[in-house]
4 protein chains.
Amino acid sequence: MSTTSDQRQLSFKEKLRDVIFGYDTPAGKTFDLILILVITLSVLALVLDSVEVIHQQYRLQLFALEWLFTCAFTVEYGLRIYSSEKPRQYIFSFYGIIDLLSILPSYIALLFPPVNFLVVVRILRVLRVFRVLKLFRYIGEANFLWSAIYNGRRKIFIFMFTVINLIVVFGTMMFVIEGPENGFTNIPSSIYWAIVTITTVGYGDIVPQTALGQTIAAIAMISGYAIIAVPTGIIGAELMQEFRRGDTLKRIESHIVCPHCGLKGHDVAANFCQGCGGRLE
Amino acid sequence: MSTTSDQRQLSFKEKLRDVIFGYDTPAGKTFDLILILVITLSVLALVLDSVEVIHQQYRLQLFALEWLFTCAFTVEYGLRIYSSEKPRQYIFSFYGIIDLLSILPSYIALLFPPVNFLVVVRILRVLRVFRVLKLFRYIGEANFLWSAIYNGRRKIFIFMFTVINLIVVFGTMMFVIEGPENGFTNIPSSIYWAIVTITTVGYGDIVPQTALGQTIAAIAMISGYAIIAVPTGIIGAELMQEFRRGDTLKRIESHIVCPHCGLKGHDVAANFCQGCGGRLE
Amino acid sequence: MSTTSDQRQLSFKEKLRDVIFGYDTPAGKTFDLILILVITLSVLALVLDSVEVIHQQYRLQLFALEWLFTCAFTVEYGLRIYSSEKPRQYIFSFYGIIDLLSILPSYIALLFPPVNFLVVVRILRVLRVFRVLKLFRYIGEANFLWSAIYNGRRKIFIFMFTVINLIVVFGTMMFVIEGPENGFTNIPSSIYWAIVTITTVGYGDIVPQTALGQTIAAIAMISGYAIIAVPTGIIGAELMQEFRRGDTLKRIESHIVCPHCGLKGHDVAANFCQGCGGRLE
Amino acid sequence: MSTTSDQRQLSFKEKLRDVIFGYDTPAGKTFDLILILVITLSVLALVLDSVEVIHQQYRLQLFALEWLFTCAFTVEYGLRIYSSEKPRQYIFSFYGIIDLLSILPSYIALLFPPVNFLVVVRILRVLRVFRVLKLFRYIGEANFLWSAIYNGRRKIFIFMFTVINLIVVFGTMMFVIEGPENGFTNIPSSIYWAIVTITTVGYGDIVPQTALGQTIAAIAMISGYAIIAVPTGIIGAELMQEFRRGDTLKRIESHIVCPHCGLKGHDVAANFCQGCGGRLE
């Protein structure tokens, strides 16, 4: 196990790991960029394949492409398992499962007659592109955004909770007022209407006909219109908090350095270092 | 009245109160969680019952379920009155009325032929779930949100006032310009159109046909689109104020005082006074 | 001119002015509340009168009401001119013109056969209700909001300018791509479509049919969806600035009062008064 | 080359440059205002020309106008090249290309039968109006807005990236669930539906019919409704940062230093040091 050949094999594994999982080396970056390109192309092929005209004219080419992508992704999946430090951990990680789901449907389609919903599973490949965030140092910003949303999660939960209750109450009211004769066939479809209305989507496939129904609908619309202000305010305020916490406070406080002990983060008005008591110039 | 039996009864009442109204004890938490489950199920039953196919196939089961829920809620209502310290206050509180309204319709439906609007009253059960906020310590966040909305209430009132006036003026203009022949049958229905448009819902059931009408509609849309910025800004700014008030002021005021020169406002991590350089304890 | 009778007349005029224009005395408040009620009723009468069924059944009553309101408003208008310090200034002020416009149409309708657009002029009565803002001390908040919008006016102008240019470019593109055969009959109506789409109203009366048209439409939608973030951010940030300027800074700084000279507005960390140099406790 | 005549010519060039490119001299301002007027009129002529009725009635007048504008813009373009310090740089600048594009189509239309898409190129004239920003000192505000958007670009990119992935996944799901029989003919048109829904435009031309489809659609709507909060929060928070950076930091750093104890950070209005009580000059 500790022979030179084993060491060489290990170092090859490590190199491979750097290329496949890493994004610091030029090879790792190139690999990720190629991967993103291939994923985008494979998703595009799936999307185009669903168009009847294209499907009939380029049936064979698209079939070949699909298998080319599946093979490439299978090899990549194998290499990822082989090169990862803890294969089991990778396999059951979020991206590990997504990676498996993006190749599995093609093999299942071989055994069974083509099942339609497999297209959805295949399209999940699109989620693999999120790895790109790591590539371009966007991950810090994503964390920033995420922590703003995470800190506001309880406020957002309360907001969502209130909206869902509003939707149920409005939906039921409209079912009773308008009734099946005006398209509000049952409470679930009335709740669907309420969601379409409160989110201001407004398809117009179900529309109130009676004066009372239109009045209730008007109240629902204005509620929806006003309520959107709440989550927006929450995210904005939480983001500001994040800025205050991480970025600005640090910048304001750290522009004076103690010449004796090198401590940073003094107040603008400070004469003496708060760490060693030495005079600041 | 001050016998041992009475004391025992009181302590039972108190225990019951802790379980039913409280949410600190494990029993209280379990009770609340079960209640939420039962409420959700009862609302779900009502919603499904409105679907014609389900209603005809599961008529008896849904009827039985409804009575099961009604009985459970009746018992719960009785116990709440019995165990509350001030029964009268509970009965006329917001939740007391909601609790009563969620059982009353079933009994009324026994006496009278089923009245349709009772479904709405029954669905108000959904509001009972708001008790859950207490359970998960979300109440602080809800207060936070509420106080932001409360502090901005006058600004929001002015905004709503302006929007409603805009709606009335736009609605009337469109009635005069488009007229009944283009679907704007009267001012109320034109106001309904204005609400649908300004809130950006846009059903498309009433749509301007003339060039002038479309121009006015375009102005109304852009107004609605721009105006939504106002309440959002209000809530965001008020939330920020809340953050500042609670969080920052505390940080500013809780500073350390120098024992040598009496300077206040030192950093929490400071060892030496930043004014005179003296040691802080 | 300086006789006792003249003085008495003047003081009656002043009393009247306090009642009609003022909102500090109980009489002034009562007058304003009654006025709001009458305005609301008169607008309601106009709105209801436009409903065919109501118009035919209550023709006479509504006609009588309209004249009752017109007479009341005429008397009020007369008294306002009579009692105001500078009648000319009142007559040509915003509210003076609105007051005149709310009575004029009824008299014009006597001379000429009823002209339809006079309804719009009459409905402007609704604007008179804005006086209510003065009544409930909402005027400060309205100024607050207004100054936030005013400070952000240039940013909002740039935003609007960009949106309008986007709308013209998108509208023209769709006219060329979709053409008259798909409902985009000319550039003005294509611009109307672009406004309906970018403001996310989405009536669905004009809808792209070609693949290219739907792609451009999708880009327009996402632009509109993302762009709304800009004015919202502007208003929110300007409101925060207003808070910072007026409210909080003052509160933070003014909680220490000098016992020697009474100067407020010291820093939290101050030991000595910055006005007289006296020691602060 | 250094003769008096050359100098005179140069100074004429410079004067011309000041008028055409500058916006500080009265002549420069007047030139820009006239230009804006002419651009607006030429765009208006193009827009009106697309209306069939107007086109047939005013064919000749509009044709003449179009050539008048084209000639004016050609002369202007020539003068700009002639008077600019670095003609090559101007020609290949953004505005240089726009300027060329706004005259080229008219000449092309002479050589070839009128091509429809040239209208789009001509309408790009509207972009030339953006020069006006320089005129009214709006440029600072535009930079302010731009730097807020620029600083938030990574967060906005992540947001857009997530939205696009959501759209692809929702679109594919709906294609599989609803299928061609309900209007979701292929994945591209389902993605179009997803964009229409998530941006809350909601035309209603493609609408889910099945219960499962409506449920997924409801989730898509609520996602879209909630997600709009994110970019709004980003822009608002970034704008606030800009305010803080420019405005507050300046206030903190520009404080007065006590000549007795050297304490910094005094108020602008302070007479005495708040640390030692010494007089400030």
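Along the Cα-to-Cβ line of residue B:161, 7 Å from the Cα, sits a label point; which residues in region B:219-240 have backbone N less than 16 Å from it?
Output list for this probe position: B:231.
How large is ³J(HN,Hα), in whole Hz, for each residue of region C:164-171 in order, when computed from phi with the Karplus curve 6.51 cos²θ - 1.76 cosθ + 1.60 and θ = phi - 60°, using x for Gly and Pro?
5, 5, 4, 4, 5, 5, 4, x
Please report, in debye to the nearest 20, how large the charge dipole of region D:28-157 is about its Cα centre when each Lys and Arg carries +1 at its beta carbon and each Asp and Glu carries -1 there.
Roughly 620 debye for region D:28-157.
For the pair residue C:153 and residue D:219, how long in nm is the line joining their label points, each one 7 Å along Cα→Cβ?
It is 4.9 nm.
Rounded to the nearest 20 debye, what is the charge dipole size of region D:17-88 about its Cα centre when +1 sits on each Lys and Arg Cβ and -1 on each Asp and Glu Cβ?
For this selection, approximately 200 debye.
Taking a probe of 1.4 Å, how large is the accessible area per residue of region A:155-223, in Å²?
Value returned for region A:155-223: 29 Å² of accessible area per residue.
Students sometimes get this wrong: rank D:185, B:199 by accessible area, probe 1.4 Å, all chains present, largest first. Walk me through the intermediate numbers first.
Details: D:185 75, B:199 0 Å².
The ordering from most to least exposed comes out as D:185, B:199.
Total Å² of accessible surface buried at the C-B contact, 1.4 Å probe, nearest 100?
4800
Read phi for every residue in region A:217-231 and hand back ³J(HN,Hα) as whole Hz from Karplus 6.51 cos²θ - 1.76 cosθ + 1.60, θ = phi - 60°, with x for Gly and Pro.
My calculation for region A:217-231 gives 4, 4, 5, 4, 4, 5, 4, x, 5, 7, 5, 4, 4, 5, x Hz in order.
Give me the distance between the Cα centres of region D:51-109 and region C:191-222, rounded to whole Å.
Spelled out, the Cα-based centre of one part sits 29 Å from the other.
Take peptide C:179-186, look around each residue's Cβ out to 10 angstrom, count Cβ atoms belonging to other protein chains, and average those counts.
Partner Cβ neighbours, averaged per residue: 2.
Pick out, from D:150, D:107, D:38, the residue whose Cα sits farthest towards the positive end of the charge dipole of region D:30-165, with +1 on the Cβ of Lys and Arg and -1 on the Cβ of Asp and Glu.
Going by the Cα projections, it comes out as D:150.
Quick one: if the Förster radius is 22 Å, what FRET efficiency do residue C:92 and residue C:14 give, using the C-beta to C-beta distance and rounding to 0.05? Walk me through the numbers before you get to the answer.
Numbers: r = 22 Å, r/R0 = 1.02.
With a Förster radius of 22 Å, E is 0.50.
If I take R0 = 35 Å and measure r between the Cβ atoms of residue C:57 and residue C:104 in this structure, what FRET efficiency does the formula 1/(1 + (r/R0)^6) give, to the nearest 0.05? Let's see the in-between values first.
Working: r = 28 Å, r/R0 = 0.80.
Working from the Cβ atoms, E equals 0.80.
Once the label point is set 7 Å along the Cα-to-beta-carbon vector, what list of distances in nm do you get between residue A:88 and its counterparts in the other copies?
Spelled out, the distances from residue A:88's label point are 6.8, 6.8, 9.6 nm.
Can you compute the FRET efficiency between residue C:41 and residue D:34 using 1/(1 + (r/R0)^6), with r the Cβ-Cβ distance and R0 = 35 Å? Round to the nearest 0.05.
0.10
Given region C:22-117 reduced to its alpha-carbon atoms as identical point scatterers, what log10 I(q)/I(0) does the Debye formula return at q = 0.11, 0.13, 0.14, 0.24 Å⁻¹?
The calculated log intensity ratios at q = 0.11, 0.13, 0.14, 0.24 Å⁻¹ are -0.40, -0.54, -0.62, -1.37.
Around residue C:182, under 14 Å between beta carbons, what's the net of Lys plus Arg minus Asp minus Glu among the other residues?
-4
Could you give each residue of region A:20-31 its phi-based ³J(HN,Hα) in whole Hz, using Karplus coefficients 6.51, -1.76, 1.60 with θ = phi - 60°, and x for Gly or Pro?
Values, residue by residue: 7, 8, x, 8, 9, 7, x, 4, x, 5, 4, 4 Hz.
How much area per residue is accessible in region D:46-133 when the probe is 1.4 Å and only protein heavy atoms are counted (Å²)?
57
Report which residues of region A:76-120 become buried by 20 Å² or more of accessible surface when going from the isolated chain to the complete set of protein chains (1.4 Å probe; DNA, RNA and ligands ignored).
Residues meeting the cut-off: A:116, A:119, A:120.
Could you pull the copy-to-copy label distances for residue C:44, with points set 7 Å along Cα to Cβ, in nm to one decimal and sorted shortest first?
Residue C:44 label point versus its equivalents elsewhere: 4.5, 4.5, 6.3 nm.
Which value, in nm² and rounded to one decimal, describes the direction-averaged projected area of the C-alpha convex hull of region D:76-235?
On the way: hull surface 57.1 nm².
Result: 14.3 nm².
If you roll a 1.4 Å probe over region A:78-218 with all protein chains in place, what percent of the accessible area is carbon or sulfur? Intermediate results must be reported in sequence, preceding the final value.
Numbers: 4340 of 6180 Å².
In region A:78-218, the share of accessible area belonging to carbon and sulfur is 70 percent.
Going 7 Å from Cα along the Cα-Cβ axis for the label, what nanometre distances separate residue B:71 from the same residue across the other copies?
6.8, 6.8, 9.6
Considering only Cα-Cα distances, which of the following residue pairs are longer than 18 Å: B:29/B:86; D:15/D:86; B:15/B:86; B:155/C:29?
In this structure, B:29/B:86; B:155/C:29 lie more than 18 Å apart at Cα.
The values are calculated or read from the model by the stated rules, or taken from the named source; none is laboratory data. Just so you know, these numbers come straight off a predicted model, no measurement behind them. Here Cβ is always computed from backbone atoms with ideal geometry, including for glycine, and neighbour counts include all displayed protein chains. For accessibility, only protein heavy atoms count, side chains too; no ligands or nucleic acids. Shrake-Rupley method; radii C 1.70, N 1.55, O 1.52, S 1.80 Å.
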